[in-house]
Amino acid sequence: MAPPIPVYSANEIKGQYSEQLNNPEKYECQLKSLTQHECTFRPASLDGSRPLEIICLPFKRIFQRCLIPKTIKKDGQKVVVKNWVNIEITNSETNQDLFDPNSKYAGDVKDFMSTEHELKKFLEQEAEGHL
C-alpha cells in the first residue's frame with residue numbers, strides 16, 4: 001500500500017508551484033502521464049445466472065516533472081541540491097473523452113454507472129438482511 005500523501009486543490013498546486021508551471025524550461029520540466037483504472041463490480045445474480053463481473057475505466061493523470069532546488073544540511077553545511085518533483089496538472093478536461101457520447105468508452109461508462117447503481121442496491125439489501 002502506498003504511503004498517505006496530502007491532497008491539494010488545483011489552486012493550492014498553482015500557488016505552490018507557480019514558478020515551475022510558468023517557467024518550465026528553467027526547471028527542466030517534462031510532461032508525463034499515466035493511466036490508472038477505476039474499477040467496480042457487478043455482483044453475481046442470486047440464482048447463479050450471471051457471474052460476478054468487474055468493470056474498469058481508464059483514468060488519465062498528467063504531471064509536470066520538474067527539477068526544483070532544495071536546501072539540505074550535509075556535514076553541518078547548507079547545500080542546495082536539485083530534487084525531481086511531480087506536479088499533477090490533471091484537470092476537468094483531461095478525461096473528458098470518457099463522457100463524449102461518441103467515444104469508444106461511451107458504452108463502458110454507461111455500463112460502469114449502471115453497475116455502480118446495482119452494487120449500491122445490493123449492498124443496501126445485504127445491510128438490511130434481505131440477502
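Only residues that are more than 24 Å from ASN11 (Cα to Cα), over 19 Å from the mean Cα position of the chain (by Cα) and touching a residue at least 12 places away in the same chain (Cβ under 8 Å) were counted in region 55-89, giving 2. Taking LEU98 and the conditions (1) at pLDDT 85 or above; (2) over 20 Å from the mean Cα position of the chain (by Cα); (3) in a helix (DSSP H, G or I), which numbered condition does it fall short on, given that it satisfies the others? If we test LEU98 against (1) at pLDDT 85 or above; (2) over 20 Å from the mean Cα position of the chain (by Cα); (3) in a helix (DSSP H, G or I), just (2) comes out false. Only one entry in LYS78, LYS70 is modelled with pLDDT of 85 or more, in a strand (DSSP E or B) and surrounded by 11 or more Cβ atoms within 10 Å (Cβ to Cβ), namely LYS70.
Taking the condition small (Gly, Ala, Ser), within 27 Å of the chain's Cα centre (by Cα) and either modelled with pLDDT of 90 or more or surrounded by 10 or more Cβ atoms within 10 Å (Cβ to Cβ) (or both), does SER92 pass? Criteria not met by SER92. Here GLU19 fulfils each of the conditions (1) touching a residue at least 24 places away in the same chain (Cβ under 8 Å); (2) farther than 25 Å from THR115 by Cα; (3) outside any strand (DSSP E or B); (4) not β-branched (Val, Ile, Thr) apart from (1).
The values are calculated or read from the model by the stated rules, or taken from the named source; none is laboratory data. Quick caveat, the model's predicted, so the values are computed rather than measured. Because the Cβ atoms are built from the backbone with ideal geometry, glycine has one as well, and the counts that use them run over all protein chains shown.
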